[in-house]
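Visitor: A single structure is presented below for examination.
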Amino acid sequence: MSLSGRKKEKFFGRVLELARKGWGDTHPNPMVGALIMESGEIVAEGYHQACGKPHAEVEALGSLGRKPNPGAIMFISLEPCSTHGKTPPCTKAILESGIKKVFVATTDPNPKHAGNGFDLLRNAGVEVELADEPTQVKAARLNFIFNHNIKTGRPLIALKFAESANGMVAERMGRPSSVTGKEARADMMHWRRLFPAICVGSGTVLADDPSLTSRLPENTWSPVRLLVDSSLSTLGEGVSPRKVYVDQFSERSIVLTTARGMLDSGRVKKAKEHGVRLIEVEESASGGVEPSCLPKVLSDLSLHAVYCEGGPTFARSLLGSGQVDYLFRYRSPKLFEGEDALPGPGLDDYPIREPIEEELGEDRLVHGFL
Ligand SMILES: NC(=O)c1ccc[n+]([C@@H]2O[C@H](COP(=O)([O-])OP(=O)(O)OC[C@H]3O[C@@H](n4cnc5c(N)ncnc54)[C@H](OP(=O)(O)O)[C@@H]3O)[C@@H](O)[C@H]2O)c1
């Protein structure tokens, strides 16, 4: 059975939608969706729900609950795995199912494995067709964290910044400012849900007392919250308990500090009382937490990506030390022209390669790898 370009586009669109159901839950694995089509109709669907759980192809075959009919076609958002990991290879499941035609949105990003799944299927008599270029790009970008992890062997460090039209990040230090509108703020919540960790500097914790959770219409979720605080000032005398230390997710807050911070017994005691973990890292030349420690801290905690939300001082040091892989830059049409307005970290000096641009109400988001 030959499929029109429009039908293929529709089914690829659907497998990408299915893949997105695993948003934030599949690390260190990619998000993957699959469907089975018989006589032009979708008869079964599946997606990878979490690491250790069945892969999308196996989910789709399982939900069909019978052998696919002769002529059945499978659509998958990523090249099926051909090696034995936590679960058996998906190429084996496809071959055992008797499916003879597979459409795939994009190849395995691992250069060692790319194309192996296709070869294995083709050598066993299965016809394999790769999607057109725009669909391949869309499917690959969905798993930008996974792709980065596989290609570099390092966690992905992303930086998010919201700026006014004149490059300011707050109307005034010490008072939370609404830089962007509700659509952009909802979008940030969605990205927070994707990342297993979030990170801010002590200045933001002191000024804004943020909760750093992902507040979505369906639920509130917390990534691991990393707070960069060289002298434990956020636990200082006279500082009221910050939300990240006392809310329902406080066990997910970790403070990265230096030997100097660890010497302050009163502040260390306060962290213990709150049940907050402290990790001592190297001190930078300027007396802060050494930014190049971040990848190792993340790897030690089995965190494959972090969404850094600034503020500007910490962001400048992350950017300056070359730690930022991916940038989310929200731009508002507002102007913060008061003399107390706080300037951003100078993002014009860090151009994004192949930027993705989105309109969010009156604001714009540009994001992509640096
Ligand atoms: N528009 C936005 O997207 C956005 C996002 C976040 C924050 N903000 C705003 O930014 C303001 C806070 O700005 P900020 O610059 O003071 O906050 P910040 O960047 O969150 O925190 C700066 C503090 O982090 C600590 N730090 C530890 N290691 C560091 C390192 N390697 N490099 C830099 N800092 C390090 C330092 O304090 P110690 O020396 O005590 O460790 C430093 O003073 C607030 O008004 C907030 O509303 C805006």
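Visitor: Enumerate the calculated ³J(HN,Hα) couplings along segment 317-324 in order (Karplus 6.51 cos²θ - 1.76 cosθ + 1.60, θ = phi - 60°), each rounded to whole Hz, writing x wherever the residue is Gly or Pro.
Guide: Coupling constants for segment 317-324: 6, 5, 5, x, 9, x, 8, 8 Hz.
Visitor: Among H113, L298, T135, which residue has its Cα furthest toward the positive end of the charge dipole of the chain, with +1 on Lys/Arg Cβ and -1 on Asp/Glu Cβ?
Guide: Highest projection toward the positive end goes to H113.
Visitor: Evaluate the relative contact order of the chain (contact order divided by residue number), counting alpha-carbon pairs under 8 angstrom at least 6 apart; express in whole percent.
Guide: Details: 764 pairs, mean separation 55.8, N = 370.
Normalised by residue count, the contact order of the chain is 15 percent.
Visitor: Separate question: Using a Gaussian network model on the chain with a 10 Å cutoff between Cα atoms, which of L120, L16, L61 fluctuates the most?
Guide: L120
Visitor: Sticking with this one: Mind giving me the nanometre distance, one decimal, between the label points for L130 and E218, set 7 Å out from Cα along Cα→Cβ?
Guide: 3.3 nm
Visitor: Same structure, new question: Please build a GNM for the chain, connecting alpha carbons under 10 Å apart, and tell me which residue among S265, S233, S214 fluctuates the most.
Guide: Highest fluctuation of the listed residues: S265.
Visitor: For segment 94-176, state which trypsin sites (Lys or Arg not before Pro) are in a DSSP loop and have at most 11 other beta carbons lying within 10 Å of their beta carbon.
Guide: Values: sites: K100, K101, K112, R122, K138, R141, K151, K160, R172; in loops: K100, K112, R172.
In loop regions of segment 94-176 (DSSP not H, G, I, E or B), the sparsely surrounded trypsin sites (Lys or Arg not before Pro) are K112.
Visitor: Additional query: Ranked by Cβ crowding within 10 angstrom, fewest neighbours first, how are I157, I198, I279 ordered?
Guide: Least to most surrounded, the residues fall as I279, I157, I198.
Visitor: Which is the longest stretch in the chain that no exposed loop site breaks, taking sites as GluC sites (Glu not before Pro) with a DSSP loop state and at most 14 other Cβ atoms within 10 Å? Display every interim value, and only then the final one.
Guide: Numbers: sites that count: E218, E237, E282, E337, E339, E362.
By the stated rule (loop sites, at most 14 other Cβ atoms within 10 Å), 1-217.
Visitor: Starting from the 7 Å offset along Cα-to-Cβ, what nm value, one decimal, do you get for the label separation of S39 and L335?
Guide: Going from the S39 label point to the L335 one covers 6.6 nm.
Visitor: Please give the calculated 222 nm ellipticity per residue for the chain, where each DSSP H segment of at least 4 residues contributes -39500 (n - 2.57) and the sum is spread over every residue; nearest 500 deg cm²/dmol?
Guide: On the way: 13 runs with 114 residues, N = 370.
Dividing the helical sum by the residues of the chain leaves -8500 deg cm²/dmol.
Visitor: Taking R0 as 41 Å, what FRET efficiency do you get between S63 and S321 from their Cβ-Cβ distance, rounded to the nearest 0.05?
Guide: Details: r = 47 Å, r/R0 = 1.15.
Efficiency computed from Cβ-Cβ geometry: 0.30.
Visitor: Same structure again: Kindly write out, for segment 215-220 in residue order, the coupling ³J(HN,Hα) from the Karplus curve 6.51 cos²θ - 1.76 cosθ + 1.60 (θ = phi - 60°), rounded to whole Hz, with x marking Gly and Pro.
Guide: The phi angles translate into 9, 10, x, 7, 6, 10 Hz.
Visitor: Which of M188, G261, H48 sits farthest toward the positive end of the charge dipole of the chain, with +1 on the Cβ of Lys and Arg and -1 on the Cβ of Asp and Glu?
Guide: H48
Visitor: Highest GNM mean-square fluctuation, the chain, Cα pairs closer than 10 Å: which of N219, N147, N110?
Guide: Top of the fluctuation ranking is N219.
Visitor: Let me ask another. Using amide H atoms built 1.01 Å from N in the peptide plane, name the residues 5+ places from I254, or on other chains, whose amide H lies under 5 Å from its own.
Guide: Residues meeting the amide H criterion: R225, L226, L227.
Visitor: Set the bar at 20 Å for Cα to Cα. Now go through K8/K101; K272/K296; K243/K272 and name every pair that lies beyond it. Before the final figure, lay out the partial values.
Guide: On the way: K8/K101 13 Å; K272/K296 24 Å; K243/K272 15 Å.
The answer is K272/K296.
Every number here is computed from the coordinates shown, using simple stated rules; none is lab data. Bear in mind the structure is a predicted one, so any value in this text is a computation, not a measurement. So basically every Cβ, Gly included, is an ideal-geometry build from the backbone, and we count neighbours across all protein chains shown.
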